[in-house]
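The structure appears below as C-alpha cells.
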Amino acid sequence: MSDTKTVKTAKTQCPALIVMKRELKAYFTSPVAYIVTVLFLLVSGIFFYFGFMPLYAGFFLSDRAELRAFFSALPHILTFIIPAVTMRLFAEENRSGSIETLMTLPVTETDVVTGKYLASFIGSLIMLMPTLFFIIPAEVYGSPDYGPIIGGFIGAIFLCASLTAIGIFSSAITKNQIIAFLAGLGICVVLTSIDFLLIFLPAGLASFLSIISAKAHFTSIARGIIDTRDFIYFISLTALFFTATVKVKQLEKI
C-alpha cells in the first residue's frame, strides 16, 4: 500500500487497522510466511507424533490419546519461530528509513505499534491453527481428555501474544533483522527455558524465578487448570513489551 493511499484511507478508517492490513498483506505475499509456517508445522508434527526422548514420548510412543508432547515442546518451538516472524517489522523500516515516512502520516506511535503487533499476532495464530488437526488422531485412536487440550490451545494463544510483543520490541530497537531476531530469541529463551536451571538453584531462589517462567505458566494452563495468576502473567508480559515498544518509537522522535 502506497503512502498516498494510506493518507487517504486513514481519514475514514482506524489508523492501526490500516497498518495491520498493510503488514498482513506484505507478510502473506512474501515466501517468508509460508516457509516459517511449513517449518513450524513440520517440527510440531515431529514432536507430536514422536516426542523428544527421554524428556517426553510422542503420540506413537506414549500409547495415549493426548497432545502432551506437542504442548510440552510448543513454548520452545515458538521461541525460535516468532522472533523470525517479527524481526522485520520495525528493523527493516528503520534500516531503509521508511519508518520516518510512515510516522509523518496521520498516525501515532501507538497506532503503528498496535497495527504491527496485531498483524504479527494474527499471523502467529493462523500458523497455529493447522495444529488443531492433531486432535483427529487422538480422537480416532482413543478418548482424549479435552480439558488439557482446550487449555493447551488457550495457553498457546496467550503465549503467542506475549512472545509477539517481545518480538516487535526487539525489532524496534535495531536496524538489523538478524540482531532483532537474536535479541528476541534471547529474551524468549530466558522466559521459556529458565525451568531447566531451577533444579540447580536453592529452593527459595528457584521458587522466586519460577514466577517469571513462561513455560511454567503455560504448562499450568495446558493442564486444564484455571488460575488467574497465569493469565495475569501473560497479559502483564504482553503489556510490558508493547508499552516499551511504543516508548522506543516515541523517543526516536525526540
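The values are calculated or read from the model by the stated rules, or taken from the named source; none is laboratory data. What you see is a predicted model, and the numbers here were worked out from it, not measured in a lab. Cβ coordinates were reconstructed from backbone atoms using ideal geometry, including for glycine residues, and neighbour counts include every protein chain displayed.
Quick notes on this one:
- In the condition set (1) at pLDDT 90 or above; (2) over 25 Å from residue 227 (Cβ atoms), residue 166 is compliant with all but (2).
- Tallying residues that are under 20 Å from residue 132 (Cβ atoms) and either at pLDDT 70 or above or assigned to a loop (DSSP other than H, G, I, E, B) (or both) within the stretch 42-69 yields 17.
- Which numbered condition residue 101 fails, given (1) surrounded by fewer than 16 Cβ atoms within 10 Å (Cβ to Cβ); (2) at pLDDT 85 or above: (2)
- Test: residue in the stretch 165-188 that is small (Gly, Ala, Ser) and more than 22 Å from residue 124 (Cβ to Cβ): no
- Scanning the stretch 218-238 for residues that are in contact (Cβ under 8 Å) with a residue 40 or more places away in the chain, assigned to a helix (DSSP H, G or I) and of a type outside the set (Ser, Thr, Tyr) yields 218, 221, 222, 230, 231, 234, 235, 237.
- Any hit, the stretch 176-188, residues being over 18 Å from the mean Cα position of the chain (by Cα) and surrounded by fewer than 24 Cβ atoms within 10 Å (Cβ to Cβ): yes
- Within the stretch 121-135, considering residues that are farther than 13 Å from residue 157 by Cα and of a type in the set (Phe, Trp, Tyr), the one surrounded by the most Cβ atoms within 10 Å (Cβ to Cβ): 134
- Single residue of the stretch 195-206 satisfying the filter (of a type outside the set (A, V, I, L, M, F, W, C) and assigned to a helix (DSSP H, G or I)) that is surrounded by the fewest Cβ atoms within 10 Å (Cβ to Cβ): 204
- Listed here are the helices (runs of 4 or more DSSP H) enclosed by the stretch 105-194 that have at least 1 residues being under 23 Å from residue 33 (Cα atoms) and in contact (Cβ under 8 Å) with a residue 40 or more places away in the chain: 109-128, 146-172, 177-193.
- A count restricted to the stretch 207-254 and to residues that are surrounded by 19 or more Cβ atoms within 10 Å (Cβ to Cβ), within 20 Å of residue 67 (Cα to Cα) and among the β-branched types (Val, Ile, Thr) stands at 2.
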